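Chemist: This is the structure, below, for whatever I ask next.
Readers should treat all values here as calculations from the given coordinates under stated rules, not as data from a laboratory. This is a predicted model, so every value here is computed, not measured. So basically every Cβ, Gly included, is an ideal-geometry build from the backbone, and we count neighbours across all protein chains shown.
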Amino acid sequence: MHTAKPPIVFSCVSGCSDCCIYREYYPSLEFGKIGVLILPEEKQRLERLARKKGLALRIIPRLAVGLKGPEKIIAYQMMGKNADGDLCPFLDLEGDLAPHGGLRCSIYKDRPAACSAYPVISEKPVGLDAHCRFCKKHSTTTADRDGLQHELESLSKIRAAVKAEDKLHIWRYATATGTEKNMLAEGWVLEI
Ligand code: SF4
Ligand code: SF4
């Protein structure tokens, strides 16, 4: 009798810090690289944490809603500190390593909800971001919910907060960040 293999439970790949380092061009190259998604209620707290640590932090808008223009910002983004848009300013490059051997987040218990949710990107069925090194290693594996409760809760929180209001247009902020030549100028672009 054929028995299905049990899904492999998610855990960070030994020594990996990819999700705190690399940022992607999204939704296309022209929009530039995106930063870590920051909810409006998280922005000031992160700015305070950066000030306390003497870190330069660049948080810019990400999504807004509004009929005639970007009237209400529903998400911000925290940009990487390198010129190419990579490397989270809160990643500790000098201290002790995390238990899995990767670099540590210097604000781990206060990290943004997007970091707490990662690599979960969908709830039913549970889907993991293909950019995560765990997924690259176990590409044929369906993740189960074991060990992902915290990530799933954070994802629900983000979905509830970023839900665009009915009948309003969505505006996306082009970051002009990265090494591509034909990026849009930094600023708002009407999406829908
Ligand atoms: S990319 Fe995936 S495996 Fe690597 S640190 Fe991030 S969550 Fe863990
Ligand atoms: S805030 Fe922490 S967990 Fe989030 S990307 Fe930066 S270093 Fe990584």
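Chemist: Measure nothing fancy, just the Cα-based angle from helix 149-162's long axis to the longest principal axis of the chain, in degrees from 0 to 90, nearest 10.
Modeler: Around 20 degrees separate the two axes.
Chemist: Divide the volume of the convex hull of the Cα atoms of the chain by its number of residues and quote the answer in cubic angstrom per residue.
Modeler: Normalising the Cα hull of the chain by residue number yields 147 Å³.
Chemist: Another question about this same structure. Pairing the Cα long axis of helix 40-53 with the longest principal axis of the chain, what angle in degrees results, from 0 to 90 and rounded to the nearest 10?
Modeler: The angle comes out at about 80 degrees.
Chemist: Step through the residues of the stretch 64-72 one at a time and calculate ³J(HN,Hα) from phi using the Karplus curve (6.51 cos²θ - 1.76 cosθ + 1.60, θ = phi - 60°), rounding each to whole Hz and writing x for Gly and Pro.
Modeler: Residue by residue, the stretch 64-72 yields 9, 10, x, 6, 9, x, x, 7, 9 Hz.
Chemist: Using a cut-off of 20 Å between alpha-carbon atoms, which lysines can reach LYS136, once sequence neighbours fewer than 8 places away in the same chain are excluded?
Modeler: The qualifying lysines are LYS5.
Chemist: Here is a further query. Counting other Cβ atoms within 10 Å of each Cβ, which GluC sites (Glu not before Pro) in the stretch 43-105 have at most 13 and sit in a DSSP loop?
Modeler: GLU71, GLU94
Chemist: Long-range amide H contacts for ILE121: which residues qualify at under 5 Å (H placed 1.01 Å from N, peptide plane, sequence gap of 5 or more or a different chain)?
Modeler: For ILE121, the qualifying residues are GLY127, LEU128, ASP129.
Chemist: What shape does the stretch 1-86 take by its C-alpha gyration tensor, where a ≥ b ≥ c are the square roots of the eigenvalues and a/c under 1.5 counts as rounded, a/b above b/c as prolate, and the rest as oblate?
Modeler: The shape class here is prolate.
Chemist: So, one more: For ARG104, which sequence-distant residues (separation of 5 or more, or a different chain) have an amide H within less than 5 Å of its own amide H, given hydrogens modelled in the peptide plane?
Modeler: Long-range HN contacts for ARG104: ASP92, ALA98.
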